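As structure tokens, the structure follows; a few thoughts come after it.
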Amino acid sequence: MKILFVSPEGLPFSKTGGLADVVEALPKALAAMGHDVAVILPRYRGTKVSTVVVPSLTIPLGDVLRFPAIADGSVLNGVRYFFVDDPEYFDRDGYYTVKGTDYPDNGERFALFSKAAIEIAKHIWRPDVMHCHDWQSALVPTLLRTIYAGDPVLRGIPVVFTVHNLGYHGDFDRGVLQRIGLPASLFHIDALEFYGRINLLKGGLMFADWVTTVSRRYAQEIMTPEYGHGLDGVLRVRAARVVGIVNGVDYSAWNPENDDFIAAKYSARDLSAKAVCKKALLREFKLPEASAGRALLGIVARFTDQKGFDLIAEVAADLLREDVSIAALGTGEPKYEALFRKLAMKFPEKVGVRIGYDNALAHRIEAGADMFLMPSRYEPCGLNQIYSLRYGTVPVVRATGGLDDTVEQFEPSTGQGTGFKFDEYTGKALLAAVRAAVQAYKDRAAWRKLQLNGMAKDFSWKTSAAEYARLYETASGARIPRGPGASK
């Protein structure tokens with residue numbers, strides 16, 4: 001099949017979060033399966049391109065005509081890259097924000113991007129299916145099923161739309177419709193209207209042929225008021241065409257057998273060098289090597305409420321009364337950064353912290369820790385728990401989203417399972433899960449079985465890509481018209 005990705009970011013060209021990793025790895029895996037794959041990205045500042053395919057494409061935005069170029073970034077890993085090149089819109093300091101504030105013209109910027117992507121699909125690289133990601137490309141299915149609904153070239157192209165985090169909507173004032181040249185009829189409860197404003201993400205959910213998100217559990221959660229961010233009703237209407245597919249991981253980058261960042265390489269066949277990694281990590285965090293017999297909890301995360309740091313703050317004192325040490329890496333809300341600095345000063349023999357992000361250190365934490373803590377309030381997919389499994393580092397997680405899909409509760413009586421989970425979003429439940437993990441850690445035979453169970457799991461992109469390929473085939477064979485008033 002010819003599969004065309006449309007995304008606001010993607011490695012190795014641009015990244016602000018996990019979306020970029022997906023938009024590098026999934027096309028690469030699909031190409032390896034024999035599919036013909038291309039990716040459309042904005043040309044942000046610093047992106048180098050090889051050739052210009054179209055020097056000047058005419059894109060109407062309301063009363064204004066814009067003339068972006070379409071550039072070709074050649075082929076990487078069997079995947080072709082196109083870039084929408086409009087310097088006024090994309091040659092900026094940040095992709096979406098400046099000094100933490102959204103650009104006021106984000107609606108126009110990504111309307112231009114979406115319209116240009118459709119023109120590429122029509123005139124340059126016609127796909128069998130388009131796969132769009134997050135609110136920045138949500139106008140693609142909206143436009144295809146409204147403005148371009150009668151176009152003989154485009155009307156047969158199905159659209160799969162993936163939501164990586166439902167919390168980001170692309171929310172704008174009603175006037176954005178006129179500014180980007182969309183009809184007033186789209187200001188409708190069955191289209192883009194959302195509490196008196198325009199919600200671009202809602203359009204993607206309404207008009208795409210299939211909606212996916214990044215884990216099965218998260219696909220269920222977002223249909224509830226607790227996790228739906230106001231869009232749960234829309235998603236329940238579309239429930240028959242909403243599916244969850246867990247993100248894969250790149251085991252060529254995250255594997256203790258070939259990881260050049262860690263102190264010593266190891267595998268499921270011989271775990272002995274993991275102890276070397278633990279001692280090296282203790283030294284790096286200035287924790288006493290004499291504490292190597294104590295369970296070491298690793299944390300790599302944004303220090304935010306969403307990641308469960310309010311729970312950690314609630315039970316920090318009780319947690320540190322347990323036979324554990326903590327090695328934490330991350331940055332985020334100042335109050336949580338201050339908390340960890342304070343804990344490291346008060347308990348220097350038990351807590352080490354690095355504020356910031358360091359990819360190499362993240363690898364060393366995965367290799368050196370005994371357990372990995374992820375008590376997220378919600379987690380669409382999550383990757384660190386999957387890395388932890390491969391590194392023989394037992395995840396302790398809240399049973400939400402992708403954490404629930406990828407971690408199996410350990411049962412000491414049977415030796416089955418890969419980690420420890422808790423359901424209630426409370427400090428008490430978090431503490432109970434850590435205590436259960438510490439108790440299991442003291443049984444060396446049971447702990448080794450638990451480690452090996454996790455290391456045997458396969459969450460490679462090959463598996464996830466095969467699921468997407470099946471969905472593309474389904475979408476191609478069963479595309480249905482979408483529009484205001486449609487209910488399925």
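For this structure, a couple of remarks:
- Every residue from the range 311-324 that is assigned to a helix (DSSP H, G or I) and either surrounded by 15 or more Cβ atoms within 10 Å (Cβ to Cβ) or charged (D, E, K, R) (or both): 311, 312, 313, 314, 315, 316, 318, 319
- Residue match in the range 3-10 (condition: out of contact with any Cys (no Cβ under 6 Å at 6 or more places or on another chain), assigned to a strand (DSSP E or B), among the β-branched types (Val, Ile, Thr) and within 21 Å of residue 471 (Cβ to Cβ)): yes
Each row is one residue, and each column tells you yes or no for (1) in contact with a Leu (Cβ under 8 Å, 6 or more places away or on another chain); (2) at pLDDT 90 or above; (3) surrounded by fewer than 17 Cβ atoms within 10 Å (Cβ to Cβ).
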{"position": "56", "(1), (2), (3)": "no, no, yes"}
{"position": "60", "(1), (2), (3)": "no, yes, yes"}
{"position": "66", "(1), (2), (3)": "yes, yes, no"}
{"position": "80", "(1), (2), (3)": "no, yes, no"}
{"position": "86", "(1), (2), (3)": "yes, yes, no"}
{"position": "98", "(1), (2), (3)": "no, no, yes"}
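- Taking the range 388-458 as the region of interest, the helices (runs of 4 or more DSSP H) fully inside it that hold 2 or more residues being over 28 Å from the mean Cα position of the chain (by Cα) and surrounded by fewer than 21 Cβ atoms within 10 Å (Cβ to Cβ) are 427-441, 444-455.
- Only listed residue being assigned by TED's automatic domain parsing to the domain that holds residue 109, modelled with pLDDT of 95 or more and crowded, with 23+ Cβ neighbours inside 10 Å, chosen from 224, 213: 213
Every residue, every condition in (1) without any contact (Cβ under 8 Å) to a residue 40 or more places away in the chain; (2) under 16 Å from residue 282 (Cα atoms); (3) out of contact with any helix residue (DSSP H, G or I) (no Cβ under 8 Å at 6 or more places or on another chain), yes or no:
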| position | (1), (2), (3) |
| --- | --- |
| 300 | no, yes, no |
| 329 | yes, yes, no |
| 336 | yes, no, no |
| 340 | yes, no, yes |
| 356 | yes, no, yes |
| 360 | no, yes, yes |
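- Pairs, first under 13 Å from residue 222 (Cβ atoms) and part of a loop (DSSP other than H, G, I, E, B) in the range 152-177, second modelled with pLDDT under 95 and of a type in the set (Gly, Ala, Ser), C-beta under 9 Å, six or more apart: 164/17; 164/18; 165/17; 165/18
- Residue in the range 234-262 that is nearest to residue 160 (Cα to Cα), counting only those that are touching a helix residue (DSSP H, G or I) at 6+ places or on another chain (Cβ under 6 Å) and charged (D, E, K, R): 250
- The requirement of being of a type in the set (A, V, I, L, M), farther than 19 Å from residue 19 by Cβ and assigned to a helix (DSSP H, G or I) is fulfilled nowhere in the range 248-263; no residue meets it.
- For the range 176-196, the set of residues classified as out of contact with any helix residue (DSSP H, G or I) (no Cβ under 9 Å at 6 or more places or on another chain) and modelled with pLDDT of 95 or more consists of 195, 196, listed by residue number.
- Evaluating residue 87 against the criteria (1) of a type outside the set (S, T, N, Q); (2) in contact (Cβ under 8 Å) with a residue 60 or more places away in the chain; (3) out of contact with any strand residue (DSSP E or B) (no Cβ under 6 Å at 6 or more places or on another chain) leaves one unmet condition, (2).
- Filter result for the condition that a residue is part of a strand (DSSP E or B), of a type outside the set (S, T, N, Q) and under 23 Å from residue 253 (Cα atoms), over 360, 275, 327, 367: 327
- Single unsatisfied condition, residue 325 versus (1) modelled with pLDDT of 95 or more; (2) within 24 Å of the chain's Cα centre (by Cα); (3) small (Gly, Ala, Ser): (2)
- One residue from 243, 234 being touching a residue at least 24 places away in the same chain (Cβ under 8 Å), outside any loop (DSSP other than H, G, I, E, B) and under 23 Å from residue 386 (Cα atoms): 243
- The number of residues in the range 183-194 that are without any contact (Cβ under 8 Å) to a residue 40 or more places away in the chain and either in a strand (DSSP E or B) or touching a strand residue (DSSP E or B) at 6+ places or on another chain (Cβ under 9 Å) (or both) comes to 3.
The values are calculated or read from the model by the stated rules, or taken from the named source; none is laboratory data. Bear in mind that the values here come from a model prediction, so they are computed numbers and not experimental data. Methodologically, a virtual Cβ is constructed for each residue, glycine included, from the backbone with ideal geometry; neighbour enumeration extends over all protein chains shown.
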